[in-house]
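Structure, as structure tokens:
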Amino acid sequence: MASKAKSSDVKVLKGQEAEDAILQYLKRMNRPFGAVDVAANLKGAVPKAATQKILVALAERREIVQKTYGKTSFFVANQASIDTVPADKLTELEVECKTVEDSNNVLAVEVKAITAELSKLKNCPTDEELEAQIASTNKEVSTRLSPIAQLTDRLVPLRSGAPLISAEELVKIDADWAKWRAEWTRRRKVFMTLVFCLPTDTSRPSTHPMHPVVFWQLATDSLPPQEAEMLLEDLGMEFDTTEHKTLEKGPLCAIQGTNARSNLKRKRE
């Protein structure tokens, strides 16, 4: 397998250029390093073997300081050769640092407020969602206002001064309602009356020779369906519709039934 080619992006330094690069690096970092670390941090610009030799040579010239711990040597820039910062410059830097810190604190508060506002905006509905909510609300309002509009329409005759139904007319309406409901109930009772007759199939013995049959079924049993429908139409009869059943179960018939039972009870007394 062919060995991986070394990167040619880093220029390999030699001689004085290598010494200057190592010395400037130690002064800039101003902390102890071993020869291997220096070579690695310089990205291979100076080979490891050359780095060790240059460090030892710089230490012998007292440009850097060498410290040996066991078998390992560390090199650090000579602190005597590093320029010291004047006291007034340090004070100026401290003031500048304090100003930067205060500015950072102000910016941190602003960032926190802006972040909170951004969070609120993200939780707010979008324009499309607002339009959908408004449409839904308008629809619900229209639905709720529809019964109110109907009731308002019913009040129009009263507001226009139309005469009200008198007490005598109400009594007559109640009397007519009781009369025709009783007739309706009587006719339906006759129509739905059970008639007992002999079974048509005499080939099977039965313990009950008489069986119940609805009156209308008895009357139309021998007729074809079409003729039965024509007879029903000629007689002016009709089966109870859904509206009839709803009316029979409604409060109007319930009140009428209660009144009827009360009247019957008073008659018995």
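The values are calculated or read from the model by the stated rules, or taken from the named source; none is laboratory data. The shown structure was predicted, so the numbers you read here are calculated from the model rather than taken from an experiment. Cβ coordinates were reconstructed from backbone atoms using ideal geometry, including for glycine residues, and neighbour counts include every protein chain displayed. When the accessible area is computed, the model is the full protein with side chains, heavy atoms only, and any ligands, DNA or RNA have been set aside. Shrake-Rupley method; radii C 1.70, N 1.55, O 1.52, S 1.80 Å.
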What number of residues within the stretch 146-190 satisfy the criterion of being among the aliphatic types (A, V, I, L, M) and not in a helix (DSSP H, G or I)?
3
Given the criteria at pLDDT below 85 and either more than 25 Å from Glu248 (Cα to Cα) or in contact with an Asp or Glu (Cβ under 7 Å, 6 or more places away or on another chain) (or both), does Leu130 qualify?
no
Is one or more of the residues making up the stretch 49-70 among the polar types (S, T, N, Q), open to solvent by 70 Å² or more (accessible area, probe 1.4 Å), under 20 Å from Val12 (Cα atoms) and over 60 Å from the mean Cα position of the chain (by Cα)?
yes
Search result, residues across the stretch 192-251 that are part of a loop (DSSP other than H, G, I, E, B), more than 20 Å from Arg181 (Cβ to Cβ), open to solvent by 70 Å² or more (accessible area, probe 1.4 Å) and at pLDDT 70 or above
Asp221, Ser222, Leu235
I'd like to check something: does the stretch 169-191 contain any residue that is touching a Phe, Trp or Tyr at 6+ places or on another chain (Cβ under 9 Å) and open to solvent by 60 Å² or more (accessible area, probe 1.4 Å)?
yes
Quick check on this structure: which one of Ile148, Ile165, Ile134 is of a type in the set (A, V, I, L, M, F, W, C), under 28 Å from the mean Cα position of the chain (by Cα) and open to solvent by 90 Å² or more (accessible area, probe 1.4 Å)?
Ile134
